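Below is one structure, written out as structure tokens; comments come after it.
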Amino acid sequence: QQQEPQSRYLIEKGTRIMAFPATMHYDPEVFKDPESFQYDRFVPGTVFEKNGKRIAEPVRPFGGGAHLCPGRKFIAYEIQAFLAMLVSKMEM
């Protein structure tokens with residue numbers, strides 16, 4: 001005997017479920033006009049909320065918890081090296 005689903009979605013046992021974290025970064029309930037570039041969106045002191053609750057980390061480009069990106073420190077070093085090289089090539 002099959003049960004009637006309690007929601008619109010039926011996820012069968014053993015189904016692999018994956019999340020796409022980038023969708024969080026375009027949530028209009030969190031970010032005003034998420035599709036536009038706003039240079040001051042993440043200045044210190046900015047508070048982000050959804051459904052009346054404060055969001056501690058509105059953007060997680062390198063994942064979080066047990067699923068932190070192993071390359072997160074490498075890319076930080078690469079950015080620093082790129083900026084150092086860029087500045088060294090400038091005439092001051």
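Rounded if a/c is under 1.5, else prolate if a/b beats b/c, else oblate: with a ≥ b ≥ c from the C-alpha gyration tensor eigenvalues square-rooted, which is the stretch 53-92?
Oblate, since a/c reaches 1.5 and b/c is not below a/b.
Relative to the longest principal axis of the C-alpha atoms of the chain, give the angle of the C-alpha long axis of helix 72-88, reported between 0 and 90° and rounded to the nearest 10°.
30
Picking from PHE74, PRO34, VAL47, whose Cα lies most toward the positive end of the charge dipole for the chain (charges on Cβ: Lys, Arg +1; Asp, Glu -1)?
Selected residue: PHE74.
With charges set only on the Cβ (+1 for Lys and Arg, -1 for Asp and Glu), what does the dipole of the chain come to about its Cα centre, in debye to the nearest 20?
Here the size comes out at about 320 debye.
Compute and list, largest first, the equivalent-ellipsoid semi-axes of the chain from the alpha carbon gyration tensor, each √(5λ) rounded to a whole angstrom.
Its equivalent ellipsoid spans semi-axes of 39, 21, 11 Å.
Hey, can you find the accessible area per residue of the chain for me, probe 1.4 Å, expressed in square angstrom?
Values: 9170 Å² over 92 residues.
Per-residue value: 100 Å².
What size of dipole, in debye to the nearest 20, comes out for the stretch 16-69 about its Cα centre when the only charges are +1 on Lys and Arg C-beta atoms and -1 on Asp and Glu C-beta atoms?
In debye, rounded to 20, the stretch 16-69 gives about 240.
Leaving out ligands, DNA and RNA, what percent of the accessible area of the chain is carbon and sulfur, probe 1.4 Å?
57
The values are calculated or read from the model by the stated rules, or taken from the named source; none is laboratory data. The structure displayed is predicted, hence computed values, not measured ones. Every residue, glycine among them, receives a Cβ derived from its backbone with ideal geometry; neighbour counts consider all protein chains shown. All accessible areas refer to the heavy atoms of the entire protein, side chains included, with ligands and DNA or RNA removed. Shrake-Rupley method; radii C 1.70, N 1.55, O 1.52, S 1.80 Å.
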